[in-house]
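Q: Before I ask anything, let me first share the structure, which is written out below as structure tokens.
Rule-based calculations on the coordinates, nothing more; no lab input. Only a predicted model underlies this, so the values are computations on that prediction, with no experimental measurement involved. For neighbour counting, all protein chains shown are included, and Cβ atoms are generated from backbone atoms with ideal geometry for every residue, glycine included.
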Amino acid sequence: MKGTIQTDPIDASAILRTRNLEIGSSVVFEGIVRKTESTKELAHLFYESDEKLAEEELNKILKEAHTKFNLIDAFAVHRVGVVEPGEVSLLVAVYSSHRREAFEACSYIVEAIKSGLPIWKKDHFADGSESWH
């Protein structure tokens, strides 16, 4: 299990190379930046965070999911800094023996990240306006 916070683009292929003969199911979630937000054209997003604290919390979420859903492995990467439309801002990969646990765990992890990670998002719109979330 590994959770990371990074400014570089997410390389899904590096994360998804896991090969374990006990794995019967994998579920992957990619959070992709849309080109519009609230009907306005988005120039880019800016994610701000206390990276050390966010990474600690991210790994805590993964550990909880590992125990709760009896996972074989799980990974999560969240971008910070500028993220352009079409780029991945969050990647979660979950591996388990059975599909039900993998789907439930992936959903659990994504929701926990969205509600509990100390990461703040600022929309930068094409018209020059901005909005924090």
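Q: Can you tell me the orientation of helix 99-116 relative to the chain, as the angle in degrees between its alpha-carbon axis and the longest Cα principal axis, to the nearest 10?
A: Taking the Cα atoms of the chain, the angle to 99-116 is about 40 degrees.
Q: I want to make sure I understand the PRE zone here: with the label point 7 angstrom from the Cα of Glu87 toward its beta carbon, which residues in the stretch 25-69 have backbone N atoms less than 16 Å away?
A: 31-36, 42-49
Q: Scan the stretch 1-86 for GluC sites (Glu not before Pro) in coil per DSSP, keeping those whose Cβ has at most 11 other Cβ atoms within 10 Å, and list them by number. Before the final figure, lay out the partial values.
A: Working: sites: Glu22, Glu30, Glu37, Glu41, Glu48, Glu51, Glu55, Glu56, Glu57, Glu64; in loops: Glu22.
Taking the stretch 1-86 and a limit of 11 other Cβ atoms within 10 Å, the loop GluC sites (Glu not before Pro) found are Glu22.
Q: Right, something else. Counting only residues 5 or more places away or on other chains, whose amide H sits under 5 Å from the amide H of Ser97 once H atoms are built in the peptide plane?
A: Gly24, Ile72
Q: Please report, in debye to the nearest 20, how large the charge dipole of the chain is about its Cα centre when each Lys and Arg carries +1 at its beta carbon and each Asp and Glu carries -1 there. Let's see the in-between values first.
A: Numbers: 16 positive and 22 negative charges, 92 e Å.
About 440 debye.
Q: If you stretched the chain out fully between Arg17 and His98, how much longer would it get, using 0.36 nm times the residue separation minus the C-alpha to C-alpha distance?
A: Working: separation 81, 0.36 × 81 = 29.16 nm, distance 1.86 nm.
Taking Arg17 through His98 to full extension adds about 27.3 nm, to one decimal.
Q: Loop only per DSSP, at most 15 neighbouring Cβ atoms within 10 Å: give me the trypsin sites (Lys or Arg not before Pro) in the stretch 1-92, ordered by residue number. Provide the component values of the computation, followed by the final result.
A: Numbers: sites: Lys2, Arg17, Arg19, Arg34, Lys35, Lys40, Lys52, Lys60, Lys63, Lys68, Arg79; in loops: Arg17, Arg19, Arg34, Lys35.
Sites meeting the loop and neighbour criteria: Arg17, Arg19, Arg34, Lys35.
Q: I want the local charge near Leu45. Using Cβ-Cβ distances under 15 Å, sum +1 for each Lys or Arg and -1 for each Asp or Glu among the other residues. Walk me through the numbers before you get to the answer.
A: Working: positive: Arg34, Lys35, Lys40, Arg79, Lys114, Lys121, Lys122; negative: Glu30, Glu37, Glu41, Glu48, Glu84, Glu87, Asp123, Glu130.
Around Leu45, the charge tally is -1.
Q: With axes computed from alpha carbons, what is the tilt in degrees of helix 51-69 against the longest principal axis of the chain, rounded to the nearest 10 within 0 to 90?
A: 40
Q: On a straight-distance basis, which lysines could pair with Lys2 in a cross-link, Cα separation under 21 angstrom, same-chain partners fewer than 8 positions away excluded?
A: Once the sequence-local lysines are set aside, what remains near Lys2 is Lys52, Lys60, Lys63, Lys68, Lys114.
Q: Quick check for you: which residues of the stretch 102-131 have the amide N under 19 Å from the point 7 Å beyond the Cα of Lys52 toward its beta carbon?
A: The answer is 117-120, whose backbone nitrogens lie closer than 19 Å to the label point.
Q: Under 17 Å Cα-Cα from Lys40, which lysines qualify once same-chain neighbours fewer than 8 residues away are excluded?
A: Lys121, Lys122
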